[in-house]
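Below you'll find the structure, written out as structure tokens, and then a few comments.
Readers should treat all values here as calculations from the given coordinates under stated rules, not as data from a laboratory. Since we're looking at a predicted model, the values are computed, not measured. Cβ sites come from the backbone with ideal geometry, for glycine too, and all protein chains shown count toward neighbours.
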Amino acid sequence: MRILVDADACPVKEEIYKVAWRHEVPVTIVSNSVIRVPAHPLVERVVVSDGFDAADDWIAERADAATVCVTADILLADRCLKAGAQVIAPNGRPFTTSSIGAAIAMRAIMADLRAGAVGDAIGGPAPFSKADRSRFLSALDEALVRLKRGR
């Protein structure tokens, strides 16, 4: 079992460490630039090139049925799900094989709306909240418990 984190813009890294340490599960923090990580035997930092989707490619190539991936990137979530991984967004929303199609479609619609916006910009996602953080903690804990039971 392991946790792979798409870390460049991840707001819940500290929460990931706490849950991982409690479950004694290794965490790999994957980013395009150096990110400070705790000096802990369960935490590994991987810095990939700054090439387009380099971090996504690294994560997707290593995702499998024993992996929980943390990402807000819908296309990376899709790749990880296809590899058998469990995927959780930083707001605690799980990506599933049932929900990923709708998420990809909504992403495309929003991209089209943003491209056609004139004058007033289309708003982005809601600000990250304490409820999001709490939901994430629960979702990660549940995902790790499911993986342990499946072994």
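Report D for the chain in µm² per second (integer): Stokes-Einstein, Kirkwood Rh on Cα pairs, 37 °C, 0.692 mPa s.
Estimated diffusion coefficient is 205 µm²/s.
Would you mind checking the stretch 75-97 for residues with the amide N under 19 Å from a putative spin-label position 7 Å along Cα→C-beta of Ser138?
The answer is 87-96.
Which distance in nm do the two modelled labels at Asp8 and Val48 give, with both placed 7 Å along the Cα-to-Cβ direction?
That separation, rounded to one decimal, is 1.0 nm.
Please give the calculated 222 nm ellipticity per residue for the chain, where each DSSP H segment of at least 4 residues contributes -39500 (n - 2.57) and the sum is spread over every residue; nearest 500 deg cm²/dmol?
Using -39500 (n - 2.57) per qualifying helix, the result is -14000 deg cm²/dmol.
For the stretch 1-87, what mean projected area does the convex hull of the alpha carbons give, in nm²?
Hull-based average projected area comes out at 5.0 nm².
Return the single residue from Ile88, Ile59, Ile35 with maximal mean-square fluctuation; model: Gaussian network over the chain, springs between Cα atoms under 10 Å.
Residue with maximal mean-square fluctuation among Ile88, Ile59, Ile35: Ile35.
Measure nothing but the geometry: give the 0 to 90° angle between the long axis through the Cα atoms of 130-150 and the longest principal axis through the Cα atoms of the chain, rounded to 10°.
50 degrees
Among Ala139, Ala126, Ala77, which one shows the highest mean-square fluctuation when the chain is modelled as a Gaussian network with alpha-carbon springs under 10 Å?
So, out of Ala139, Ala126, Ala77, the one fluctuating most is Ala126.
With an 8 Å cut-off on Cα pairs and a minimum separation of 6 or more residues, tell me the relative contact order of the chain in percent.
22 percent
Using only Cα atoms, tell me the angle between helix 100-116 and the longest principal axis of the chain; keep it within 0 to 90° and round to the nearest 10.
40 degrees
On a 0 to 90 degree scale, rounded to 10, what angle separates helix 13-23 from the longest Cα axis of the chain?
30 degrees
Using only alpha carbons, build the gyration tensor for the stretch 42-99 and give me the equivalent ellipsoid semi-axes, biggest first, whole Å.
Working through the eigenvalues yields semi-axes of 18, 13, 12 Å.
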